[in-house]
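The values are calculated or read from the model by the stated rules, or taken from the named source; none is laboratory data. Just so we're clear, the structure is a prediction, and the values are computed from it rather than from any experiment. As a convention, Cβ positions derive from the backbone with ideal geometry for all residues, glycine included, and neighbour counts pool all protein chains shown. These area figures cover heavy atoms from the full protein model, side chains too; ligands, DNA and RNA do not enter into them. Shrake-Rupley method; radii C 1.70, N 1.55, O 1.52, S 1.80 Å.
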Amino acid sequence: MNKTWLAVIARAIDSERELFPLNQTWQAIHQEYNIGLTQAKKLLLTHQDKQELRELVNKISGIDLRQVATSEFAGMQREQALTLAIDEKLAGQSVKKNRLAIKALPGRALKLNAELYRLPDNSHCDMPLESIVGVENQSIWIVENYRCFDQLGVIKLDESAASTEPLVVFRGDHIYQAGTVLSLIEKLQLPVWVMGDLDPKGLSIAQSYPNFAGLIAPDMAVLENYFSDPGKANHKLYEKQLASCRKAVSDTRFPIIQACWQLIRQHQAGIVQEHWLVGNTTLKMHPA
């Protein structure tokens, strides 16, 4: 019995109505448990039917709908949900909520909370935002793609980039949330450098960060070759993202965004950052 079924059943039990639209959810519930009576496009649930549904929910999920509302689970962690139900996945809080994936450059120490941490290659530190009291790193690098974040040691950096000691942060996905990264940036107030896809959306996201300092990308002449290469230039990215991002990147005040946008617009294509993991491309820091 999933969250949707529980919510629908709970609303019906709390309602004084007896007739409910026989939508897809109610059809599935009725087919599974044969409770209620179908009448054309309606489902009739008597007081006895509702009592039977309440007992069924308690038997299957361990939830007593007389004691707890299903909406309460939205704000719970999994261990909290287990005090009221059998299935911990009814909890609404993501297990990675407010957590970050962070690391230092390969061979460098993560300077965190007045301590130095040296991590193995292809690893990172997973920790909650509130546990980061302070860092001694001088900047933040945001890496958009997890593969590039994980395999950062494979990516070639020029001397100016390799000599810096940034706090490297994975931008976020459905597991690590981008909003938490933004909260970290606002908390630390350090210059922010971005290694992301060179497409309209990537540029728009990069320049939106507070304290945006620039991009980490190949030399502009090398980028010109990438955009001219049919095997690397992705025209679908341009077509998909243009409408929603054009104004933001066209009105940018950052010269590096303007330069990259000119290439993107000229070739009507984008370049994904996974290309930096192969070949002999060297990345440099392009100030904003």
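Overview of values
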read-out	value
Residue list for segment 145-192, filter: closer than 18 Å to Met285 by Cα and of a type in the set (Asp, Glu)	Asp158, Glu159, Glu165
Looking only at segment 266-280, and only at residues there that are assigned to a helix (DSSP H, G or I) and under 27 Å from the mean Cα position of the chain (by Cα), the one that is farthest from Arg246 (Cα to Cα)	Leu277
Scan of segment 228-253 for residues that are open to solvent by 30 Å² or more (accessible area, probe 1.4 Å) and not in a helix (DSSP H, G or I), ordered by number	Asp229, Pro230, Gly231, Lys232, Asn234, Asp251, Arg253
Yes/no for Leu100 being open to solvent by 40 Å² or more (accessible area, probe 1.4 Å) and not small (Gly, Ala, Ser)	no
Of all residues making up segment 172-207, the number that are without any contact (Cβ under 8 Å) to a residue 12 or more places away in the chain and open to solvent by 30 Å² or more (accessible area, probe 1.4 Å)	3
In segment 7-36, residue nearest to Leu53 (Cα to Cα) [restricted to those that are of a type in the set (Ser, Thr, Tyr) and touching a helix residue (DSSP H, G or I) at 6+ places or on another chain (Cβ under 7 Å)]	Tyr33
Failed item in (1) closer than 29 Å to Gln151 by Cα; (2) more than 26 Å from the chain's Cα centre (by Cα); (3) open to solvent by 10 Å² or more (accessible area, probe 1.4 Å), with Leu223 passing the rest	(3)
Residues within segment 134-171 that are assigned to a helix (DSSP H, G or I) and surrounded by 21 or more Cβ atoms within 10 Å (Cβ to Cβ), tallied	3
Close pairs from segment 129-145: first farther than 13 Å from Val168 by Cα, partner open to solvent by 30 Å² or more (accessible area, probe 1.4 Å) and part of a strand (DSSP E or B), Cβ under 8 Å, at least 6 apart	Leu129/Arg99
Residue in segment 254-283 that is surrounded by the fewest Cβ atoms within 10 Å (Cβ to Cβ), counting only those that are touching a residue at least 40 places away in the same chain (Cβ under 8 Å) and more than 27 Å from Gly153 (Cα to Cα)	His267
